[in-house]
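The values are calculated or read from the model by the stated rules, or taken from the named source; none is laboratory data. These numbers come from a predicted model, not from an experiment. A quick note on method: Cβ atoms are made from the backbone with ideal geometry, for glycine too, and the neighbour counts reach across all protein chains shown.
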Amino acid sequence: MVENVIDAGTTERTRQKLLVAATEVFAKQGFKSSTIRQIVTKARVNVAAVNYHFRDKATLYSEVLKFALGSILKKYPPDMGVTPGSTPEQKLEAFILSFFLRVLDQSSGAWHGPLMAREMADPTSALDDLVDHVLRPLGDYLNSILREFLGSTATAPLLNACAASVVGQILFYRHCQPVIAKLNPTLTYRREDLERLARHVYEFSLAGIRALAAGARR
């Protein structure tokens, strides 16, 4: 019995080491350029461990996407501590700040941002599963916040357009960093900078959403 417990613990630790190592390798090199050999060398495990736990590179990559996003969502949940009874303004501001922190987290081991940037630039078959299980629920949550502002004017096209506008402002800072660095070389992504950017995007988005809602009601 004791041996089985030890074996189970060792097996889970090996799986976790593979996920952590693979997350960094895939984030730095992308799915196509990464090799199983690089991953197991970094994880310091045997090649057979990948086959045992994940079957192949594609399955490992799919699990890495969910692992990385799950970890960052636990650190920066989309509600950021607000409650269902909070105002839509509080919910929207929390959602925007959490999104900024997830995609631009500068702390050690924060690979979610670059990992997702590579997946968006060169999508793999793993994207469908990620959308269904993680990204669509996030989109539904944002739409539920927007619906509180828009009320009866909240048609599906309007909701989708507003959500895209909110998210697009945030992702600009993730995907356009090389250009931003040249146009605004003093901009950094420390926590206080991200909070300032999030506040601007919140205020800008809020004004636009309110204007659209008022215009639709006239």
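A search for C-beta distances below 7 Å between a residue of segment 36-51 that is farther than 13 Å from F26 by Cβ and any residue that is of a type outside the set (S, T, Y) and assigned to a loop (DSSP other than H, G, I, E, B), counting only pairs 6+ apart in sequence or on different chains, returns V40/N46; V40/V47. Would you check if there is a residue in segment 72-84 being touching a residue at least 40 places away in the same chain (Cβ under 8 Å), within 30 Å of R199 (Cβ to Cβ) and in contact with a Gly (Cβ under 9 Å, 6 or more places away or on another chain)? So far as segment 72-84 goes, yes, one or more of its residues are touching a residue at least 40 places away in the same chain (Cβ under 8 Å), within 30 Å of R199 (Cβ to Cβ) and in contact with a Gly (Cβ under 9 Å, 6 or more places away or on another chain).
Comparison of E119, E93 shows that the only residue that is among the charged types (D, E, K, R) and within 12 Å of the chain's Cα centre (by Cα) is E119.
For the structure I just gave you, tell me whether S98 is surrounded by fewer than 13 Cβ atoms within 10 Å (Cβ to Cβ) and either in contact with a Cys (Cβ under 9 Å, 6 or more places away or on another chain) or in the same structural domain as G168 (by TED's automatic domain parsing) (or both). The answer is no for S98.
E148 satisfies every condition listed in (1) surrounded by fewer than 20 Cβ atoms within 10 Å (Cβ to Cβ); (2) assigned to a helix (DSSP H, G or I); (3) within 14 Å of the chain's Cα centre (by Cα); (4) in contact (Cβ under 8 Å) with a residue 24 or more places away in the chain except (3). Looking across segment 32-88, the residues that are more than 30 Å from L146 (Cα to Cα) and hydroxyl-bearing (S, T, Y) come down to S33, S34, T35, T41, Y52, T59, Y61, S62. All told, S125 falls short of being loosely packed, with under 12 Cβ neighbours inside 10 Å, farther than 23 Å from Y76 by Cα, modelled with pLDDT under 90 and out of contact with any Cys (no Cβ under 8 Å at 6 or more places or on another chain).
Here A94 fulfils each of the conditions (1) outside any loop (DSSP other than H, G, I, E, B); (2) at pLDDT below 95; (3) small (G, A, S) apart from (2). Taking (1) more than 30 Å from G168 (Cβ to Cβ); (2) surrounded by fewer than 16 Cβ atoms within 10 Å (Cβ to Cβ); (3) among the charged types (D, E, K, R) in turn, K57 satisfies each apart from (2). Here T83 meets each of (1) out of contact with any Ser or Thr (no Cβ under 8 Å at 6 or more places or on another chain); (2) more than 28 Å from A211 (Cα to Cα); (3) loosely packed, with under 15 Cβ neighbours inside 10 Å with one exception, condition (2).
Please determine whether any residue of segment 127-145 is of a type in the set (V, I, T) and part of a loop (DSSP other than H, G, I, E, B). No, segment 127-145 contains no residue that is of a type in the set (V, I, T) and part of a loop (DSSP other than H, G, I, E, B).
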